[in-house]
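Take a look at the structure below.
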Amino acid sequence: MVPMTRNILFRHQKLTFFSPEPEILHSTECESSYWHQPALTEALRFYTRTSDHSASLHEKVIATQARLRSAGSPPNPSKRTPNRFATSNTPDRLEKALNEACFHSWGFHIYRCTYQSDSDWEEFLRRYRWHVADSLKYENGLDLLESFKMTVFENQALFEGVDISTGTATVREHFQKWATIAIQEDQSVSPDMLVFAKVEAARYRFCLFVNEKSLQGVLQAPLEDCFNENAFVNMLNGWWKKSHLTITIPKI
């Protein structure tokens with residue numbers, strides 16, 4: 001489950017070489033921006049080479065941030081928020097990824113998996129657009145709204161009732177067929193990008209599906225409360241494959 005928070009715009013989940021990609025991505029809190037800044041590296045070095053461990057690592061990171069800010073502009077400032085590093089500005093990172101992949105649009109596709117109320121669904125989409133715009137505005141990135149593209153798949157016969165408990169194979173099968181063609185038509189690039197550009201091609205690797213539970217969770221939360229734990233949508237790894245681990249126990 002992914003909360004309706006600011007990190008929905010550009011999420012990069014690190015996986016080890018041996019860990020399979022998860023079918024459903026879960027997130028319970030917003031990532032703090034300072035963990036992506038050089039301040040963390042400097043604080044870690046200071047923390048390990050000094051015997052003074054009276055302050056926590058968190059406190060040292062905050063102190064290092066303040067020291068870096070007082071020293072002037074960062075060495076690689078964000079063009080949207082010059083007082084911060086470019087790597088800590090989500091719109092900057094998104095724009096960089098689009099340019100490197102030669103993509104023209106971005107935004108997750110949404111599968112409608114509940115059909116109890118059309119008015120509730122329209123309100124959900126309105127809130128989703130609002131949160132996207134608000135997240136961009138927060139970091140001076142409203143210019144990226146021009147390339148934001150929200151595609152909604154609606155098919156009551158195919159998608160109604162899809163949930164983690166009932167299985168997501170129907171959505172995944174549809175998404176894979178669509179993504180293979182769409183990445184060529186929309187971005188004029190080879191489907192190989194789905195393999196080699198996992199972050200840049202997130203639009204064609206992950207999708208959102210909204211069932212009645214997630215729909216009502218979003219509608220019942222205050223609009224401007226982007227940290228509400230009860231407001232969430234489901235993010236599906238569209239190319240996840242079930243893997244089996246075989247362990248051979250030697251005879252003694």
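In plain terms, the residue of V195, V233 with the fewest other Cβ atoms within 10 Å comes first and the most crowded comes last, giving V195, V233. Counting beta carbons within 10 Å around each of T180, T168, T81 and listing the fewest first gives the order T180, T81, T168. A full extension of the chain between L145 and H104 corresponds to an added length of 13.6 nm, given 0.36 nm per residue minus the alpha carbon distance.
Using Cβ point charges alone (K and R +1, D and E -1), the dipole size of the stretch 105-237 about the Cα centre works out to roughly 340 debye. Shown for I183, I110: other C-beta atoms within 10 Å of each C-beta, ranked fewest to most, produce the order I110, I183. Among rounded, prolate and oblate, which fits the stretch 105-237 when a ≥ b ≥ c are the square roots of the eigenvalues of its C-alpha gyration tensor, a/c under 1.5 means rounded, and a/b larger than b/c means prolate? The shape class here is oblate. The stretch between S165 and R126 holds 11.3 nm of extra length on full extension. This uses 0.36 nm per residue minus the Cα-Cα distance. One decimal place: the segment K96-Y138 gains 13.3 nm when fully extended, by the rule 0.36 nm per residue minus the C-alpha distance. Model label sites at Q220 and W178, defined 7 Å from Cα along the beta-carbon direction, differ in position by 2.8 nm.
We did not get these values from a lab; they are worked out from the coordinates using the rules stated. From a predicted model like this one, the values you see are computed outputs, not experimental measurements. With ideal geometry, Cβ positions are generated from the backbone for all residues, glycine too; neighbour counts draw on all protein chains shown.
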